[in-house]
1. Find the accessible area per residue for region 84-220; the probe is 1.4 Å, ligands and nucleic acids are left out, and the unit is Å².
2. What nm distance separates the two modelled labels at THR201 and ARG379, each placed 7 Å from Cα along Cα→Cβ?
3. For region 419-481 and region 374-415, what is the separation of their Cα centres, given in Å?
4. Counting only other residues whose beta carbon sits under 14 Å from that of VAL471, what net charge do I get with K and R as +1, D and E as -1?
5. For region 384-517, what % of the accessible area comes from carbon and sulfur atoms, probe 1.4 Å?
6. How would you order 81-92, 450-461 from highest to lowest mean count of nearby Cβ atoms within 10 Å?
7. Residue by residue through region 167-175, what is 3J(HN,Hα) from phi via Karplus (6.51 cos²θ - 1.76 cosθ + 1.60, θ = phi - 60°)? Round to whole Hz and write x for glycine and proline.
8. Quote the relative contact order of the chain in percent (integer), defining contacts as alpha-carbon pairs under 8 Å separated by 6+ residues.
Amino acid sequence: MFGIPTSGWLCAGLTGLGLTLGFAPFSQPLAGWVALIPLAFYGQRQKPAMREAFLLGWFAGVTHFLTTFSWLTTVTIAGWIVLCVYMAIYPALWFVLWVRMAGGPSSSMTSQGNIFHAGVGASAWVMTEWLRGTVFSGFGWNTVGVSQGKLLVLTQIADLGGALLVSWVVVMGSLTLTLTLRRFELEIRGRQKWRPRWDFTAGVFVLGLTMVYGARSMLQPPPAALNQLTYAAIQPAVPQDPWKSARMTRVADELTRWSEMALAGRNPVDLLVWPESLAGTGWREEPELQKAIQGVRRMGARSLLTGSLDIRGPETFNSALLFSGPEGRPPAIYDKTHLVIMGEYVPLAGLFPWLRKFVPPGGDLTAGSKTGILELEGRGVKIAPLICFEDSVPGVVRRAAQNMPHLLVNLTNDAWFGSSAGSRQHLENARLRAIETRLPLLRATNDGVTALISPKGAILCELRNPETGSVREPGFILGEIELREPQPSRYTRWGDWPVWVSCGLVLLGLVRTRDAA
């Protein structure tokens, strides 16, 4: 098809499906190390023309995104297809760069050349992952680095350069294996002499450094705790329909019922957390919600953090409200700054109103203007609220961490995605944010996964049915969080420096390729 051998399409498809295995519901970290090998090996061996390379890379991307983001079909099938077809452009660009820098048909493979090629190939991958998470407000879910979340000894380097630095190490290792296999083939066929494989040694060395850093980080005892925060996070599991709003009476009843069970027979908790807005109306207009808020405060919640829409004149915000201090005091408010494209806002809807037909009603929210840090009355504890998918966006979480909070708190509602892998993937992405910023992350969700994540990425507590393993049932988690004096991680201070280094390496690779030609 299109002049490309069947083997090329098979390799591209295997790569796309292999990448999907790295994420929920499969969550196989090894997939991140081997998934790129079929397509990368084909490109190194066959060296297809740029047009064919783009088509194969695009097919691998479409195969991957359609499968890994299949949970989007629970909200919008048309949006799922359009988004995945668009995002596949980025793996296509990567494969074009990989093939372009592979050298001519007669080029021999050397250790030095392979080290450079693997490094530049990994840099190109990181560059395209960053673009995917940035262009048009970005959809950066499920970078290769996120697939390594279970291997905490590998992901600790995220506090140096974010999840993209983890991606670079994994892809560099994958491409090193690819080039080693291709070099073995050439040597076995007698097309070049057998030589020491310093390129493979270099790949092992990079992996070794990563693991040494990770082991040291995991074994290093944390600083002494300055404060103990008692918490309870509620998961009401209120059914959601993307095209209808849940009734506020049902929402208030469920939140009150589960809060009462969490608080019953216990000393007052410092922080009670409810999830993101579950109904399509604002808290100021809903006496039922206001009554529920007052009720749980009297039950023993010293502070309550909850999500709600906040209608102010012609504008509607997706907000986090912190009720703290004496009863009757107005809440401190954080307005969500990073809206979800085709969910909370519709680009170009003013010019093309028909675009709104493809998304649920209410897709015209106003973005907040600044990162919010809210303080618990009388405790001196600063929390950084993150609403919906914000805990999956590195830049948003990093900006919040720069304000030196003691705790990240995510309020979200993943019930839109039913029993799909969406909520589990959300947790996997959030886990990297805790490591990047070295801050604990407390998540309160409507329908999975309510959890507490340590600054080293360990899931300390998770709401799960012990018999069925389901994370979608109503309930709550509670306990104590040890809070420490916040110190900015290197990633918090330096940001996405691996991207800029990668851009420089890719540019150097293109110049070198042009000179060689």
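1. Details: 5500 Å² over 137 residues.
On a per-residue basis, region 84-220 sits at 40 Å².
2. 5.5
3. 15
4. On the way: positive: ARG424, ARG443, ARG464, ARG472; negative: ASP414, GLU428, ASP447, GLU462, GLU467, GLU473.
Within the 14 Å Cβ shell, the charges total -2.
5. Details: 2770 of 4980 Å².
Roughly 56 percent of what the probe reaches on region 384-517 is carbon or sulfur.
6. Working: 81-92: 19.1, 450-461: 20.6.
Result, highest mean Cβ count within 10 Å first: 450-461, 81-92.
7. Per residue, the Karplus-derived 3J(HN,Hα) values read 4, 4, 5, 5, 5, 4, x, 4, 6 Hz.
8. Working: 1044 pairs, mean separation 87.3, N = 517.
Across the chain, relative contact order equals 17 percent.
The values are calculated or read from the model by the stated rules, or taken from the named source; none is laboratory data. All figures in this text were calculated on a predicted structure; none of them were measured in a lab. All Cβ positions, glycine included, derive from the backbone under ideal geometry; neighbour counts span all protein chains shown. Side chains included, ligands, DNA and RNA excluded: accessible areas come from the protein's heavy atoms. Shrake-Rupley method; radii C 1.70, N 1.55, O 1.52, S 1.80 Å.
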